[in-house]
Ligand SMILES: [Fe+2]
């Protein structure tokens, strides 16, 4: 395939807008469901967003089976239990309401609950899922993972202390409903770290060697919206305009990386999550500066384009010429302003862990293969040293 060719593989419906989650019952009925299941994490039932979804379903005469057991960065073992439960209850559609962990979990659960011949261990990796599972509707409550449009699901393997992905077009959900109102209650530090993840999706998909003309436009729009509004969304979670733009930016970034992929920032971040349980957005932010510095030589034009997108041309008409490394300063200043850590040592990770983290990151071939520059284990080790 030519590098500039475009393959477009998204949910059949992507619905975006304030209040759109109230349309959920229509979509459940359109998909022919008689017995849906609502999948969330344990804290979700305490939120107003959950209460609103529950009332919407009840008003439509729908009484879904409730599963509230999704842990953050979910361990793979949890899937077997949940899938037995869904089968026993005779559920015919899954609704995932939550952040990236809940949505990733729901996507794979749809496959396991429908097909008892599908073995979890055999679908880890790329294109190993044999066929589509139960219909899935996803409603993100954080603006970060892009899981509502992506074919990717990430799980923690506790014994090996690693995170691994399941990637398949059969994991793309049927309906994604992105309602910024669902993000209003998200606490500051989670808005900050998930927002950085979304911004990094925009950046990494933009510089990915597998980007195409459509994904690059989506990446730049995502960067512009998230960079422009994330600080405001963190400072005031009820800032409607900020929440709207960060939600839309996160969706656009998810669409961009669903085509172009993410790259070395994500590859180097995964060992921090797998072994030290650093939240995904924080792990990415810690690696960001150093991976961007490594990738800069040879990619100056792409960096300049990103910096140009971030700096409003009107505001800075008089300012100095834009340099490629401005993009690094701008994103790291934003991370500092919204108090997302940017050094490995601040996360309590011992320096001695660096060699084994470098070995683990080097195995992330799926992500490293998208990176604009190749990395050896030694390159990765040096990047970790700088980030420490
Ligand atoms: Fe991510």
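Read-outs throughout are calculated quantities, based only on the coordinates presented, and are distinct from any laboratory measurement. Please read these numbers as outputs of a predicted model, since none were measured by experiment. As a convention, Cβ positions derive from the backbone with ideal geometry for all residues, glycine included, and neighbour counts pool all protein chains shown.
Could I get the Rg over Rh figure for the range 140-198? Both from C-alpha atoms, Rh via Kirkwood, rounded to two places.
Ratio of gyration radius to Kirkwood radius: 1.03.
I'd like the orientation of helix 326-337 relative to the chain: the angle between its Cα long axis and the longest Cα principal axis, in ° from 0 to 90, rounded to 10.
Roughly 60 degrees, rounded to the nearest 10.
Equivalent-ellipsoid semi-axes (√(5λ), Cα gyration tensor) for the range 241-284, whole Å, largest first?
For the range 241-284, the ellipsoid semi-axes come out as 24, 15, 6 Å.
Quick one: angle between helix 264-276 and the longest Cα principal axis of the chain, in degrees between 0 and 90, rounded to 10, please.
For helix 264-276, the angle is close to 60 degrees.
Quick one: length gained pulling residue 277 to residue 236 fully straight, 0.36 nm per residue minus the C-alpha distance?
Computed gain between residue 277 and residue 236 is 12.0 nm.
Hey, rough spin-label estimate for residue 85 and residue 378, points 7 angstrom out along Cα→Cβ, what's it come to in nanometres?
Inter-label distance under the simple model: 5.0 nm.
Output the relative contact order of the range 13-182, whole-number percent, from Cα pairs under 8 angstrom with separation of 6+ residues.
With pairs under 8 Å counted, the relative contact order is 28 percent.
What list do you get for 373, 107 if you sort them by fewest beta carbons within 10 Å?
The fewest-first ordering by Cβ neighbours comes to 373, 107.
Once the Cα atoms of helix 240-260 and of the chain are each reduced to a long axis, what angle between those two axes, in degrees from 0 to 90 to the nearest 10, is obtained?
Here the helix axis deviates by roughly 80 degrees.
Among DSSP beta bridges whose residues both lie in the range 13-182, state the antiparallel percentage, nearest 5.
20 percent
Any idea what Rg and Dmax come out to for the range 28-123 if you just take the C-alpha atoms, in Å?
Cα radius of gyration and Dmax of the range 28-123 are 13.1, 41 Å respectively.
Using a Gaussian network for the chain with springs between C-alpha atoms less than 10 Å apart, which of these wobbles most: 198, 256, 82?
82
With a 10 Å cut-off between alpha carbons and a GNM built on the chain, which of 210, 127, 245 moves the most?
With Cα springs under 10 Å in the chain, the top fluctuation among 210, 127, 245 is at 127.
For the chain, set up a Gaussian network in which alpha carbons nearer than 10 Å are linked by springs, and say which option among 218, 334, 182 fluctuates the most.
334
Which percent of Cα-Cα pairs in the range 187-387 sits in each 5 Å bin, short to long?
1, 8, 17, 21, 21, 17, 10, 4, 1, 0
Under 4 °C and 1.567 mPa s, how fast does the range 1-69 diffuse according to Stokes-Einstein, given a Kirkwood radius computed over C-alpha pairs? Answer in µm²/s, whole number.
Value of D from the Cα-based Kirkwood radius: 91 µm²/s.
Starting from the Kirkwood radius over alpha-carbon pairs of the range 13-182, derive D by Stokes-Einstein at 37 °C in a medium of 0.692 mPa s and give it in µm² s⁻¹.
209 µm²/s
Within a 10 angstrom radius of the beta carbon, how do 243, 87 rank from fewest other beta carbons to most?
87, 243
Just for the Cα atoms in the chain, what are the lengths along the principal axes, largest first, rounded to whole Å?
Principal-axis extents of the chain (Cα, largest first): 60, 45, 44 Å.
For the pair residue 359 and residue 26, what calculated FRET efficiency results from E = 1/(1 + (r/R0)^6), where r is the Cβ-Cβ distance and R0 = 56 Å, to the nearest 0.05?
The formula returns an efficiency of 0.70 here.
Rounded to whole Å, give me the distance from the Cα center of the range 263-303 to that of the range 193-260.
Centre-to-centre (Cα) distance: 16 Å.
For the range 35-53 and the range 104-143, what is the separation of their Cα centres, given in Å?
Between the Cα centre of the range 35-53 and that of the range 104-143, the gap is 20 Å.
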